[in-house]
Amino acid sequence: MFKKFSFSENIAGQSQLKSSVQRGIRAKLQEQYPGLDSVMEELMPKKTPIIQIKGHEHISFLSVNGKILFFQHFDGPYFPTLKLLHQYPDILPKIQVDRGAIKFVLSGANIMCPGLTSSGARMDVDLPVGAVVAIMAEGKETALAIGQLTMSTEDIRKKNKGIGCDNIHYLMDTLWKEIVHP
């Protein structure tokens with residue numbers, strides 16, 4: 001998603017969200033990511049404003065205290081940034097690719113089913129189509145990408161062909177370089 005996205009050219013504007021909209025966003029995030037319940041007040045304090053930054057590619061970002069925490073494409077699910085995922089690694093279910101897939105994932109490639117079913121890969125939890133996942137790598141401790149499943153984990157195991165997970169945000173993409181680690 002952020003392979004060719006340029007923040008200096010593609011930001012349309014930003015605005016502080018009304019408190020009623022902020023409550024709705026907090027509720028949606030807690031529903032989408034139950035693992036955030038215990039840290040939501042620390043992450044997005046009720047009295048602290050949420051700034052929405054809008055991009056030209058139908059992407060919006062949520063910023064609290066000057067830090068981008070989540071982004072959204074059209075009206076789809078909110079995705080945490082990798083920096084947030086590294087701080088709170090248990091907010092997303094995990095899938096693991098084998099060592100051979102690492103360089104492809106880090107160049108923005110989607111994850112193919114065989115990369116998720118080989119000997120070094122793991123899918124420990126049954127997940128539905130569209131689930132937002134942390135993409136881990138064999139032998140590594142932190143997530144290297146955030147993805148969204150294009151088929152259920154059950155179908156990935158059965159078919160073992162095609163794209164199993166879209167690569168949404170990965171280490172060293174534009175979001176990582178320009179916003180998260182400027």
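A few comments on the model shown:
- Any hit, the stretch 147-167, residues being surrounded by fewer than 22 Cβ atoms within 10 Å (Cβ to Cβ), closer than 16 Å to Gly100 by Cα, assigned by TED's automatic domain parsing to the domain that holds Lys103 and within 13 Å of the chain's Cα centre (by Cα): no
- Leading residue by the ranking (surrounded by the most Cβ atoms within 10 Å (Cβ to Cβ)) among those in the stretch 65-101 that are over 17 Å from the mean Cα position of the chain (by Cα) and under 24 Å from Lys18 (Cβ atoms): Asn65
- First in the stretch 90-107 and without any contact (Cβ under 8 Å) to a residue 40 or more places away in the chain and not assigned by TED's automatic domain parsing to the domain that holds Ala121, second anywhere and part of a strand (DSSP E or B) and surrounded by fewer than 16 Cβ atoms within 10 Å (Cβ to Cβ), Cβ under 8 Å, 6 or more apart: none
- Count of the stretch 2-16 residues which are at pLDDT 75 or above and either assigned to a loop (DSSP other than H, G, I, E, B) or among the β-branched types (Val, Ile, Thr) (or both): 1
- Residue that is nearest to Phe70 (Cα to Cα), among those in the stretch 141-159 that are polar (S, T, N, Q) and in contact with a Cys (Cβ under 9 Å, 6 or more places away or on another chain): Gln148
The values are calculated or read from the model by the stated rules, or taken from the named source; none is laboratory data. Quick caveat: nothing in here was measured; it's all calculated off a predicted structure. Heads up, the Cβs are rebuilt from the backbone with ideal geometry, glycines too, and the neighbour counts pull from every protein chain shown.
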